[in-house]
Structure formats: C-alpha cells, structure tokens
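Below is one structure, written out as structure tokens; comments come after it.
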Amino acid sequence: MRETILDVRNLQVEFAGESKNVKAVDGISFELHRGETLGIVGESGSGKSVTSLAVMGLIQNPGRISGGEIWFHPQENGTPINLVELPSEQIQLHRGGDIAMIFQEPMSSLNPVYTIGFQITEAILRHQNISASEARRSAIAGLQEVKLLPSDEALRQQYIETWKQTPFGSSNGSSTPDEQKLAQLVKQHKEAILERYPHQLSGGQLQRVMIAMAISCNPLLLIADEPTTALDVTVQATILELLRELQQRREMAMIFITHDLGLISEVADKVAVMYRGKIVEYNSAAEIFSNPQHPYTKGLVACRPTLNRHPHKLLTVSDYMNVKETPTGDLVIQEKQPEQPVEVTTQEMNQRLQILEQQQSLLQVRDLKVGFPIRGVFGGTKRYFMAVNSVSFDVKKGETLGLVGESGCGKTTLGRTLLRLIEPMSGQILFEGQDITNLKGKTLQKLRREMQIVFQNPFSSLDPRFKVGEAIAEPLLIHSIGKTKQQRRERVAYLLERVGLSADAMSRYPHQFSGGQRQRICIARSLALNPKFIICDESVSALDVSVQAQVLNLLKELQDEFGLTYIFISHDLSVVKFMSDRILVMNRGEIVEQGTAESIYREPKEEYTQKLIASIPTGSAERVRQRQVRAL
C-alpha cells in the first residue's frame, strides 16, 4: 500500500448568500496516495475548484470551511496535519512548498510587470533557505525539466552546429569553438529566458512556466485546476504528457480538475465525479469509463462528440436524469433511460453532399490575403506578418464548412475578414455573386443583415449594462425592422423561446445567466435579422461538455429550420467533425488540407492533420488501459 498524502473527510464549504448560505462543497471525502492521480470532474459550479482552494487554504470571505477535515501528511516526520485547523500563517509554510497548484489561466496567474525569472525565484526563496544565485539556477533547472529550455548538452550542440555553418567553422571541419566561449553562450541563453515577461510567451509556454513554478519546491501534492482549458489540442496533449512524466519521476500525488472526461482518461488513476457540491461517483478511471453507475456520469460520458461516431444529435445530461429540489433544499435525482441517437449512415452523408454540390455557392473566397504590419525601429513598416496567405474556397448554400487549426493559424482572422471586420490586403470575397471586398458605408451595413457571427466568449460578447431583451432588439433597431416596440418585443420573445429560454429572460441582465445560457442569447441575437450566413468562432470552446452538446444540437436544429449556412471555427476536430459537411485545415495562414468531414478523419493526408487527430483525448476505458500498460 502506497503512502497516504491527503485524506479529505466530510469536507463542507459554504458561501454567504442574500437569503441563505450556499453549500458549494457538501460533505465530500476522498483519499490520495503518493504517485497517484485523482481526477475530479464535473460541470461549472459543481464544486471542483472550491475543493482545491479549500485544500490550499485559499477560501476567503464570504466563503468558509463549515465542516470536515483535510489531513495532509508532510514529508518531514509523516505526522498528519489537519489543514482546516491551521492558522493562515502556518498553512503558508505548506502552500507552494509541500502543496502546489497550477491555475487555469496562466496569463492572469502571472504578474505582467515582473519577469518570469523573478516570479519563479520568488517562490523558491519563500520556501527554501538558499541564495538568490542558487534560486536562479534552480529556476533554470525547472524550466529545463518542463522542456521550455533545452538541456545544457542540447544547447551546446546547437551552438556547435551554428558555429560549423560560419565561414571559420566550416573551414575547420570537425573542430569545435572554444569551450570557455561555448559555456558562456550556453549560460547567456539560459539566463535570457528568465528575463522575459509573460506577454512574450505563448499560452503553452506560459503553462510550462506555471508548472515549473509549481514543482520548484518539489511538492508532495500537485493540484492542476483546468490546466489545459485555454490550450490547443496539440499543446494540451504535450502538457498532459509532461505532467505524467513529472509525476512519475518525482512520485508526486496529483489532483487533476477538469470538466472534460476525455482528459481524465489521459491522466487519472481514480475519478471523483462531482455534481452540485457532492461526489456522486468515486471509482477507478477504467471502471468509470467502462461501467459508469450514476446517471450524471453516464451523461458526461455520452455528451462528448467522438471521431469514430456520427449521431444525428448528441445526448445530454438531461437525457439521463431529472432533478427536483425538495422544500428543504435536498436534491432528488430520477434516472432516465434515453433512446440512443440514430447514427448518420454513409448513404445519408453521401446524399447530403450530393445535394449540397448541386447548390449555388453562397460565399466564394479567391486568393485572400490578410497581413498585419510589423513596425521598424523608426516607426516605418518594414514587413507584414501574413495571418491569411492566399486562401481560396467556396461555401454552398445550407452547408456547414468546418475550419480547424491551432491558435495563431489564422482561423479567427479569416472569419472576421469575411465579415469585413478586418480589411484584406488583396483577393476577393464574393457573397451571392457580389464582390463585397470593397463595400463601404450603407451598402456594407445592409450586407450585415445577411452575415452574422457568434463569438467565442459569451461573457464578453454581451454588454453588461443592457438587459437581454435590449441586446437582442438592438440589431432590429439599427436596421429599422419592426414598426413598433411591441413588434420588436414579440420578435425577441420568439427568438428566446427558439433557443430554449423563456420570454421572461428579456428583463434580466447577462450576469444573471450561466455560460451556456449566455451563448444561447448570443445565438438568438445573431438570428434577429434572419441572416443567411453565420460564422461560429469557437462558439462552444468556453462551455462545459454537457452544455456544449446542447448548443451544438441547437445550431443543427436552427440550420434545418432557417436554412442557415455556417462556417464553424474550432481547434477541436471532434466538434468540427460532428457539425461539418466539409473541413478546411489551416496552418500558418494557409489551407493545408480540405475534404469531407469523414475523409479528413479517416484518411488525413497531411502530417499536420494527423497530429491534430492524434492529440484529441478519446475518453474511453481502452485509453485508460493503454496508458496504464505504458506506465508499467
């Protein structure tokens, strides 16, 4: 039996509300051993992150730990400590040292005014009695361990190869540069990374900095709270592999928190499924995926789109259970047996593709280029960064065209250029045969009635000062649709009901809705003018997988009802495959591969596409078993 690191017993966390206290964590218990990973999974608001904050001693007013125990076994003498009873001064001795945490969003977790070297060494000096120079060496070693920096030997080889390519080096054959000079160059390279600021690093690099900071004091317990949510699937796969390697090498216990069961299959040994503050299922990862018992777990497993299936619609959590609240506030969960969705047959797919092929092109893009100027030393434009480089494609009426690729590949820039929110450098955009590339003024404004966009983040897409009814009615006012206020109100009520919300929502503000509800409001607003063409720009990436399934189903229903044409932008190929008839794969501003959704998945031709597909977590018991065999 492996050594116990953490033992949580009947933990309860409450937050003060206007009328009564809200139990964010309601009597949960679990145990974690050295070298073991516990996955905590559930939707937003289930209590996952609050649990991790309680373990870290970071619950602040108006919240408090109202009951239970958190027993931690420190490294010094093994005598367990109840973290709940420790005063804040004493828990700081363990926080960041024995217990470390990787937060969800690295850009907001790191201070933008300090270098990454300062922030890592600050954590090391706080918990270790060493000098500043030793702390910097430790920080560099941590960055090398998380593979943000090459090893010393790899750096030496890089400089030797570079030296050989110089005129002096090439004339000396196998000779090497002066060893003292070589050591100095390697040292300068390592020191240079410490002087960089957070904004000078990519999202994946920042997450590696956060991991290096977390492991800098060799913790016994590492808590990773949604550490890959904001990352591409390829970067996500790299970070997951890195966490597995570090854990095995250091024998750390790890708590991995996510809303995606697919990720859990990649890292966890045991899984705790949380729903409304309670653990509703607690078992080994293999058992959770092969034989889930609770209806909520079954719903989470089923609602994620997969690459090897193509149902007409996705199941959601509500298909597996009904939830009622008693007068005393207790939840009563009634299990349902959903009908399994009918699979789209190959014949049906081919028939739809044939029908679409006969349709006229709604949108035609020819040799489109979009560049952003890179300013020179004296303010002049020296060159352009080509975000979209010679892109051409057609979109048929009623079609869903998927656009997939990593962050920075040009997907969003292309989508916004099609709507003339960004001006192209050259090329043509034809909408219903009309060249819209150079439209301006009222002509362009009239076109906007036909072309709409649903943005990625529903929290920033709605003005917090506008009521929902006002936000949806605004495009009607701008384009003078509806003769009276009552007619516009009726239109808004119809749109809200069509996206699954009640007309009563008109009088409420955005902050009174969940993320999924806000995205439905954004979709209702995009439909207000009866558009023909909608761009969905990462429109479900910020949502829980269960809410994501609801929104994807809704988008398909609306397409059938209103005859909509979509461009669906995402970095997740499984979501794009479920939604799309054809897929374009973008990399570095160019379309590197295109074809039907099935052909792109079954027979990807480009190495880049194969890499995207291989990076997607499958979320299956077989995946758990494969990972466990590799570990052995």
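The values are calculated or read from the model by the stated rules, or taken from the named source; none is laboratory data. Nothing here was measured: the structure is a model prediction, and the numbers come from that model. FYI the Cβ positions are ideal-geometry reconstructions off the backbone, even for glycines, and counts take in every protein chain you see. Each accessible area value is taken on the protein alone, full model and side chains, heavy atoms only, with ligands, DNA and RNA left out. Shrake-Rupley method; radii C 1.70, N 1.55, O 1.52, S 1.80 Å.
For every other residue with a beta carbon closer than 10 angstrom to the beta carbon of residue 571, add +1 if it is Lys or Arg and -1 if Asp or Glu, then tell me the sum.
Charge balance in the 10 Å sphere: -3.
So what's the convex hull volume per residue for the Cα atoms of segment 1-122, in Å³?
Output value, Cα hull per residue: 148 Å³.
Per residue, how many Å² of accessible area does segment 329-438 show with a 1.4 Å probe?
56
Using only the alpha carbons of segment 548-602, determine the length spanned along each of the three principal axes and report them from longest to shortest in whole angstroms.
34, 21, 20
Which order do 536, 217 take when ranked by solvent-accessible area (1.4 Å probe, heavy atoms of all protein chains), largest first?
Sorted descending by solvent-accessible area, the residues read 217, 536.
Could you work out what % of the accessible surface of the chain is carbon and sulfur, using a 1.4 angstrom probe and leaving DNA, RNA and ligands out of the count?
Accessible surface attributable to carbon and sulfur in the chain totals 48 percent.
At 30 angstrom or more along the helix axis (alpha-carbon based) and mean Kyte-Doolittle of 1.0 or higher, what helices does the chain contain? Whole DSSP H runs only.
Helices meeting the criterion: none.
Can you give the relative contact order of segment 445-525 as a percent, counting alpha carbon pairs under 8 Å and 6+ residues apart?
41
Just to verify a number: FRET efficiency for residue 19 and residue 457, C-beta to C-beta distance, R0 = 25 Å, to 0.05?
0.20
Could you check the spin-label model distance between residue 88 and residue 339? Points 7 Å from the Cα along Cα→Cβ, value in nm.
5.7
For segment 468-588, with every protein chain kept in place, what is the accessible area per residue (1.4 Å probe, Å²)?
Per residue, segment 468-588 has an accessible area of 36 Å².
Going from the alpha-carbon gyration tensor of the chain, what semi-axes, largest first and in whole Å, does one get by taking the root of 5 times each eigenvalue?
Taking √(5λ) for each eigenvalue gives 42, 36, 24 Å, largest first.
Magnitude of the Cβ-charge dipole of segment 42-114, K/R +1 and D/E -1, about the Cα centre, nearest 20 debye?
140
Stick to the Cα atoms of segment 429-580, pair each with every other, and give me the Kirkwood hydrodynamic radius in Å at one decimal.
That comes to 16.1 Å for segment 429-580.
Straight-line reach from residue 147: which lysines fall under 26 Å, measuring Cα to Cα and dropping same-chain residues less than 8 apart?
Straight-line reach from residue 147, under 26 Å: 164, 181, 187, 190, 611.
If you average the C-alpha positions of segment 489-536 and of segment 113-163 separately, how far apart do those two centres end up, in angstrom?
Measuring centre to centre over Cα atoms gives 50 Å.
Between segment 195-256 and segment 404-464, what's the alpha-carbon centroid distance in Å?
Taking the Cα centre of each part, segment 195-256 and segment 404-464 sit 35 Å apart.
Would you pull out the residues with amide H under 5 Å of residue 278's amide H, same chain only if 5 or more places away, H placed 1.01 Å from N?
Here 26 satisfy the definition.
So for each of 542-553, 189-200, 477-488 I average, over its residues, the number of other beta carbons within 10 Å; can you give me the resulting order with the highest mean first?
The packing order, highest mean first, is 542-553, 189-200, 477-488.
Report, in cubic angstrom per residue, the convex hull volume of the C-alpha atoms of segment 222-306.
Roughly 105 Å³ of hull volume per residue.
Residues with amide H under 5 Å of residue 454's amide H, sequence separation 5 or more or different chain, H placed in the peptide plane at 1.01 Å from N; which?
Hits under the 5 Å cutoff: 535, 536, 537.
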